[in-house]
Amino acid sequence: MKALVNSVRAFAREEDGVALTEYLILLGLLVGGVVASIVLIGGQLNTAWGSWATWFAAQNLDAPTATP
């Protein structure tokens, strides 16, 4: 247990560890923001995707026929 505590303290003293921790916190905040925004607008996004799917299904997307 003491070895684990000493290794955590050594990691915290290194500047690389501090920079990594800052980047991980920033990444966590960004991911949290993306997840929160998707949760907040998820219903509206589902409606938009549904309307796009309906529009694409109504289109004639067959390949043109070749005329000799």
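The modelled label-to-label distance between residue 29 and residue 59, using points 7 Å beyond Cα along the C-beta direction, is 4.1 nm. Fraction of C-alpha pairs exceeding 14 angstrom in the chain: 78 percent, rounded to a whole number.
Probe radius 1.4 Å, ligands and nucleic acids ignored: give me the carbon and sulfur share of the accessible area of the chain as a rounded percent.
Working: 4400 of 6350 Å².
Of the solvent-accessible surface of the chain, carbon and sulfur hold 69 percent.
About its Cα centre, the chain has a charge dipole of approximately 280 debye under the convention of +1 per Lys or Arg Cβ and -1 per Asp or Glu Cβ, with nothing else charged.
The values are calculated or read from the model by the stated rules, or taken from the named source; none is laboratory data. The structure displayed is predicted, hence computed values, not measured ones. Cβ coordinates were reconstructed from backbone atoms using ideal geometry, including for glycine residues, and neighbour counts include every protein chain displayed. All accessible areas refer to the heavy atoms of the entire protein, side chains included, with ligands and DNA or RNA removed. Shrake-Rupley method; radii C 1.70, N 1.55, O 1.52, S 1.80 Å.
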